[in-house]
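Colleague: After the structure tokens below, expect a handful of questions from me.
Read the figures in this text as sums done on the coordinates, not as results from a lab. Computed from a predicted structure; not experimentally measured. Quick reminder, even Gly has a Cβ in these numbers, built from the backbone with ideal geometry, and neighbours come from all protein chains shown.
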Amino acid sequence: MKKENENEFEDELRPEYDFSKMKGGVRGKYAERYKAGTNLVLLDPDVAQAFRTAESVNEALRLLMQIAQRQRTQN
């Protein structure tokens, strides 16, 4: 049964797709740019139920930031 699993990942590319002959390719060339422009956060189900839209989450977080800022300036 182990031999069947090894053959499962057999190379299925056509011979004309020889990537070893390609020059100038850089792995992860745009990875940093992508990471910098993406800020995805997964909410827990109970939180997602309370905040149905991205706008409502942002509004609540901005309010929390204002409260925290006021607390810092009072102390």
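Colleague: Could you list, in sequence order, the residues of the stretch 42-75 that are acidic (D, E) and in a loop (DSSP other than H, G, I, E, B)?
Modeller: If we filter the stretch 42-75 for residues that are acidic (D, E), which is where we start, we get 44, 46, 55, 59.
Residue satisfying the conditions is D44 alone.
Colleague: Which of the residues spanning the stretch 27-44 are more than 19 Å from V57 (Cα to Cα) and among the charged types (D, E, K, R)?
Modeller: R27, K29, E32, R33, K35 - these are the residues of the stretch 27-44 that are more than 19 Å from V57 (Cα to Cα) and among the charged types (D, E, K, R).
Colleague: Please specify each residue of the stretch 36-61 satisfying the condition of being surrounded by 10 or more Cβ atoms within 10 Å (Cβ to Cβ) and either in contact (Cβ under 8 Å) with a residue 24 or more places away in the chain or of a type in the set (D, E, K, R) (or both).
Modeller: E59, the sole residue that qualifies.
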